[in-house]
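The values are calculated or read from the model by the stated rules, or taken from the named source; none is laboratory data. Bear in mind that the values here come from a model prediction, so they are computed numbers and not experimental data. All Cβ positions, glycine included, derive from the backbone under ideal geometry; neighbour counts span all protein chains shown. The area values use the complete protein model at the heavy-atom level, side chains included, leaving out ligands, DNA and RNA. Shrake-Rupley method; radii C 1.70, N 1.55, O 1.52, S 1.80 Å.
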Amino acid sequence: MSVAPSTAPSFGELGLSAPLLRAIAESDYREPTPVQVAAIPAVLRGEDVLAAAQTGSGKTAAFGLPLLQALSVQPCDAAARDSVRALVLAPTRELAMQVGESLRAYSRYLPERLKILSVYGGVSINPQMMALRGGADLVVATPGRLLDLLDHNALHLAGVRTLVLDEADRLFDLGFADELRRIVALLSAPQTLLFSATFPAEVQGLAEQLLRNPTRIAVAATPDTTPDIAQRAIRVDAPRRTQLLRQLIQTEGWTRVLVFVATQYATEHVADKLRRAGVQAQALHGELSQGTRTQALKDFKASNVQVLVATDVAARGIDIELLPAVVNYDLPRSAVDYTHRIGRTGRAGQAGVAVSFVPAQAEAHFRLIEKRHQLRLPREVITGFEPTEAEVVEGNDAPPAAPSTGGIKGKRKSKKDKLRAAAAGNQVADTTQPKTSAADIWQRRRPTSS
């Protein structure tokens, strides 16, 4: 297990080149974060890496900077000229776009211009196919769109030397397992980097099979590295949550607030109620066109929209500078996702607040979240919003009774999972072949140690 030293070296002492150091300086990075101190030398040495660090800790630069340096000094294999040299997988379109933008910014002073592309669904595939002609140095992709491009013979993965799984725990989730398995089967033992804020036990077990003698990095939370996020829990009757949200926006003076809800319908419903009350609000969810999603996030980042009401599509890796507050209007279905949601605030040394609404029927679920995160937050009651609903508690691990507050992850299938299940049901099973997991395929393609 690698742990960053207490006295951090400079970026220059980590072995990065002058062009990258110039880009870092212009990005206002003063000194490397603990995960960057531990990861950058390991990636430069060509090692596999498993890195767990809290949100806002600079994980993109931790894998991106050494990856760009390696690409800039490694000659392109003529046999793989039409292939991709490095591949970054991200679970959401927004994260794929953001990572691509960051990598292009870091690489702008390299002597040889690198071809860095972001490919994701929700937009026409044809421009992406054209951009991939002749291959690319680095592709940042969502798994589904990458497979679409492979099916169209628009790119090849034979030349991939480095694979990065950003938000790796989400990519190992059941929703991506089949896609990840297909992609892994096409690769030939690349250097593999796994980065995430959370690694549940089942993911760590799978990672043990995927990686070869990895450098393991676990950045423990300390007063210096823990995001400055004040966490609050407010008891309120479910029907009065929107009214309470409006009051908090006014009384707390939040210039912007990211509000998480459980369903796509709820994003539109809550955003519409806020707009009718004179609050600039926009919905963000997976069924919107990619153009609408991109514009909504752009408007929110530019403070043209005060409230962004979103599903968990906005919970992973999205960097919104100076975001003062996050509100869990609905609690997350997964206790792990609580960390990712509240991590949208309190970034880059800024203070933030994370408020969770806890209706009576959600009390048991919030206790589970607290237990998993070793928290115990006092329940606040706001004057004028005193709850009248009776608390429903069936045990510390009981899920909430009302569907509006989400539920334990895995109890209800997402729309994506339902579509996959339906598609699988329409196919004739091949009983002559044993079922193979992503780990099995990866294990088979790994060279055995002598």
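See the values below:
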quantity: Whole-Å semi-axes of the ellipsoid equivalent to region 24-157 (Cα gyration tensor, √5λ, descending); calculated: 25, 17, 14
quantity: Charge dipole (debye, nearest 20) of region 80-180; +1 at Cβ of Lys and Arg, -1 at Cβ of Asp and Glu; calculated: 560
quantity: Label-to-label distance, nm, for residues given as VAL73 and MET130 (7 Å Cα→Cβ offset); calculated: 3.7
quantity: Accessible surface of region 253-318 [probe 1.4 Å, protein heavy atoms]: carbon and sulfur percent; calculated: 48
quantity: Pairwise FRET efficiency - ALA218 versus THR388, Cβ, R0 = 56 Å, nearest 0.05; calculated: 0.80
quantity: Solvent-accessible area per residue, Å², over region 218-362 with all protein chains present [probe radius 1.4 Å]; calculated: 38
quantity: Candidates per trypsin sites (Lys or Arg not before Pro) in region 172-215, loop by DSSP, up to 12 other Cβ within 10 Å; calculated: ARG212
quantity: Sites GLU202 and ALA158 - FRET efficiency at Förster radius 41 Å, r taken between beta-carbons, to 0.05; calculated: 0.85
quantity: Protein accessible area in region 1-133, 1.4 Å probe - carbon and sulfur %; calculated: 51
quantity: Pairwise centroid distance, computed over Cα atoms, of region 246-321 with region 337-368, Å; calculated: 16
quantity: Förster-model FRET efficiency, 22 Å R0, GLN243 and GLN290, C-beta, rounded to 0.05; calculated: 0.10
quantity: HN-Hα J in Hz across region 108-125 - Karplus 6.51, -1.76, 1.60, θ = phi - 60°, x for Gly and Pro; calculated: 5, 9, 5, x, 10, 5, 8, 8, 10, 10, 10, 10, 7, x, x, 10, 4, 7
quantity: Note, ³J(HN,Hα) from phi for region 280-289, Karplus 6.51, -1.76, 1.60, rounded to Hz, x at Gly and Pro; calculated: 6, 9, 9, 9, 9, 7, x, 8, 6, 4
